[in-house]
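First up is the structure itself, then whatever we jot down about it.
The values are calculated or read from the model by the stated rules, or taken from the named source; none is laboratory data. The structure displayed is predicted, hence computed values, not measured ones. Cβ coordinates were reconstructed from backbone atoms using ideal geometry, including for glycine residues, and neighbour counts include every protein chain displayed. Ligands, DNA and RNA are excluded from the accessible area calculation, which covers all protein heavy atoms including side chains. Shrake-Rupley method; radii C 1.70, N 1.55, O 1.52, S 1.80 Å.
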Amino acid sequence: QVQLVESGGGLVQAGGSLRLSCAASGRTFSSYAMGWFRQAPGKEREFVAAISWSGSSTYYADSVKGRFTISRDKAKNTVYLQMNSLKPEDTAVYYCAGDKRPSTVVAGTSGFWGQGTQVTVSS
C-alpha cells in the first residue's frame, strides 16, 4: 500500500514559481511510477507530468513542457513538481498519483492518489 500527501501549494503571481511535494509512505514507493495531475474548477482532471520508478524517464503534458520539472528523491520517499513561469491557467488543485507502470499513471488510472493541494496563480 502507498499513501500520498501533497504539500507546497499556494497563491503566486503570474511568472512566479512554486514547488509541490508529494510524500509517500509504504515500502513499495521506490518501485512505483509517480505523477501529477490537476483539476481546475468546472474542468476534468488532466495529466501534468510523470516519472518512472528509476527517475530516468519523465513525461509531460504539452501545456507544461519547458516550465515544469518532475523529480523524485527515493531516500526521502518524495516526488516533486517544480513549476516555473506560472500562468493563471495553471490554477487548479494538483494531485499526486502512483502506480506500477508509467503508462497507468499517465492514463490517470493510478491506484493511489493524494488529497490534492491548491495552486492559485494571479494575473
Candidate lysines - alpha carbon under 17 Å from LYS76, same-chain residues fewer than 8 apart omitted: none
37 °C / 0.692 mPa s Stokes-Einstein diffusion coefficient of region 12-123, Kirkwood radius on C-alpha pairs, µm²/s: 237 µm²/s
Between ALA107 and LYS74, the FRET efficiency computed from the C-beta separation at R0 = 30 Å comes out, to the nearest 0.05, as 0.80
Virtual paramagnetic centre 7 Å along Cα→Cβ of SER122, amide N under 17 Å, in region 54-98: 86-92
With every protein chain present, what is the per residue accessible area of the chain (1.4 Å probe, Å²)? 50 Å²
At 1.4 Å probe size, with the rest of the protein present, what percent of the exposed accessible area of region 43-109 is carbon and sulfur atoms? 46 percent
Between GLN115 and SER56, how high is the FRET efficiency from 1/(1 + (r/R0)^6) when r is the Cβ-Cβ distance and R₀ = 35 Å? Nearest 0.05. 0.75
How high is the FRET efficiency between GLU46 and SER25 when r is their beta carbon distance and R₀ equals 30 Å, given to the nearest 0.05? 0.70
For LYS87, go through the lysines and keep the ones whose alpha-carbon is under 26 Å away, minus same-chain ones fewer than eight residues off. LYS43, LYS65
Any idea what the dipole of the chain comes to, in debye rounded to 20, about its Cα centre with Lys/Arg Cβ at +1 and Asp/Glu Cβ at -1? 300 debye
